[in-house]
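The values are calculated or read from the model by the stated rules, or taken from the named source; none is laboratory data. Here the structure is a predicted model, which means the values were calculated and not measured. All Cβ positions, glycine included, derive from the backbone under ideal geometry; neighbour counts span all protein chains shown. In case anyone asks, the SASA skips ligands and DNA or RNA and just uses the protein heavy atoms, side chains included. Shrake-Rupley method; radii C 1.70, N 1.55, O 1.52, S 1.80 Å.
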Amino acid sequence: MNPILPFELGFAGLFFIILVIYALVIRKRPDRPLREIPAFARLGRSVGLAVEAGKRLHISLGYGGVNDVPGASGLVGLTMLQRIARAASISDKPPIATSGEGTLGILSQDTLHSAYQAIRSESLFDPMYGQISGLTPFSYAAGTLPVIFDQQVSTTVLAGHFGSEVALIVDANERVGSHTLAGSDNLEAQAVLYASAQDPLIGEELYAGGAYLNAGLMHQASLRAQDAMRWVVILGILLGSMLKLFGVIK
Amino acid sequence: MNRLRTSLSVALVIAIGLIVLAGYFLENPMLNTLQTVFLHWAAILASVALIVGVFNLLNVHIRKINTGQKGSLYSLILILSLIVTILVAGFLGPTSEWSLWIFNNIQLPVETSLLAVLAVVLAVASARLLGRRFNAFTLVFVLTVLVVLAGSISLSFLDLSAMAAIRSWFERVPATAGVRGILLGVALGTVATGFRLLLGSDRPYGG
């Protein structure tokens, strides 16, 4: 048996219990405010302005396959896509999603379809609003540029797995004067986004997207559980360091 | 009907997700066999999704040509290149002389050019950063970039060994500490996303 298996199970079990406790607490007191992330407040304003000005919103989901670890960031992007599609449903120009991977492309179309279905506006749905713009990192970036240049995009949300080539997409947004909110699970992309994007999301901030866009109780609960588990990890690291320092563990 | 379909999808996702997850933690022959089967199915579905993705790409560009949108010529070039590449790689094999010629003489130079453009874009973005967000974090970021660059170059007329030592320290101590902190945050976010999927709260498959 894997010697660290009990720790893995314990960690997952504790995370799950905290998540359920927070879900129950939030159900009773739903109006407890979240810690402020200015990027998401600005995104809300940008969505409103885009709808008013008849401009398009663009959500770039990256190229992380959903059957792999980077897929989690793409799933967060899909949640954000759903919330933005609902918020912008009265716009003349429905949001457009681009992705660089087959499953993400299909899921983006499905997400848009279900978002419009939920607000009884199925006529707004066009499969072309969930595009696959390229299937390698650079072809994805190159294929996304025409969407930004030609579709009157006023706000771009980049949420998913990217590499350093994401700078090309952010630069295109800068040129057309579009607002950019961007986050990725990849460290290289995070460094590039910190330098280039107007509103970069660092580390776990990306995973808070659903909670800040009111995607539901579980998103808020999971965000608070993440914060609580971070303290557990910090205490674990400190405890491990102390035990190592005093020679209890080798 | 829609509600029934959604409930069925959620039940399937939760059941299969739990079986695959349990397969990682428990050693049970039946569970492990089921886990392997589901993972193989996922790989097959991802491959089919890739083909669907290629058709989506084609569809987007065919529509662009039909509606006479800006950049239709590029769309035509993309479609022709796609057809030629599929024919060459399909009939002659992906490692044939002609397939490798396409890769070495078209794809590689194009991607290298984009990499060169990327270097310029990043340099401009770093310079722009100071004007856009001038704060302590930005200063640390820019100073770190400069130290790492200075520690990486070699000049025949200047001894930069001290900078190389500082760069090495930066990489080993503060950068590693920061990277671990960020990675822990990303890992926690990934686990939380997994739990939401398993609980049926996140349903990107519709519903």
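Using only side-chain charges placed at the Cβ, +1 for Lys and Arg and -1 for Asp and Glu, the dipole size of chain A relative to its Cα centre rounds to 920 debye. With a 10 Å cut-off around each Cβ of B:48-54, the average count of Cβ atoms from other chains is 6. Taking the Cα centre of the protein assembly as shown as origin and assigning +1 to Lys and Arg Cβ atoms and -1 to Asp and Glu Cβ atoms, the resulting dipole is close to 1220 debye. For chain B, adding -39500 (n - 2.57) for each run of n ≥ 4 DSSP H residues and dividing by the number of residues yields -27500 deg cm²/dmol at 222 nm.
The Cβ shell under 12 Å around A:Pro146 holds other residues with a net charge of +1, Lys and Arg each +1, Asp and Glu each -1. Based on Cα contacts under 8 Å between residues 6+ apart, chain A shows a relative contact order of 22 percent. Say a paramagnetic label sat at a point 7 Å from the Cα of A:Leu24, along Cα to Cβ; which residues of segment A:209-225 have their backbone N under 19 Å from it? The answer is A:217-225.
Alpha carbon centre of segment A:166-205 versus segment A:93-107: separation in Å? Answer, in whole Å: 18.
The value of relative contact order for segment A:158-238, using C-alpha pairs under 8 Å at least six residues apart, is 23 percent. Taking amide H atoms as placed 1.01 Å from N in the peptide plane, the amide H of A:Val153 lies under 5 Å from those of A:Arg56, each 5 or more residues away in sequence or on another chain.
The contact between chain A and chain B removes approximately 5200 Å² from the accessible area (both sides summed; 1.4 Å probe; ligands, DNA and RNA excluded).
Applying 1/(1 + (r/R0)^6) with R0 = 41 Å to the Cβ-Cβ distance of B:Phe55 and A:Ser241 gives a FRET efficiency near 0.15.
Per residue, the convex hull spanned by the Cα atoms of segment A:146-219 measures out at 88 cubic angstrom.
Across segment A:52-114, the relative contact order, built from alpha-carbon pairs under 8 Å that are at least six residues apart, equals 45 percent. The alpha-carbon of A:Lys244 sits under 22 angstrom from the alpha-carbon of none of the lysines, leaving out residues fewer than 8 places away in its chain. A crude spin-label estimate for the pair B:Phe38 and B:Arg132, with each label 7 Å from Cα along the Cβ direction, gives 4.2 nm. Charged side chains reduced to their Cβ positions (Lys and Arg at +1, Asp and Glu at -1) give segment A:72-203 a dipole of some 320 debye around its Cα centre.
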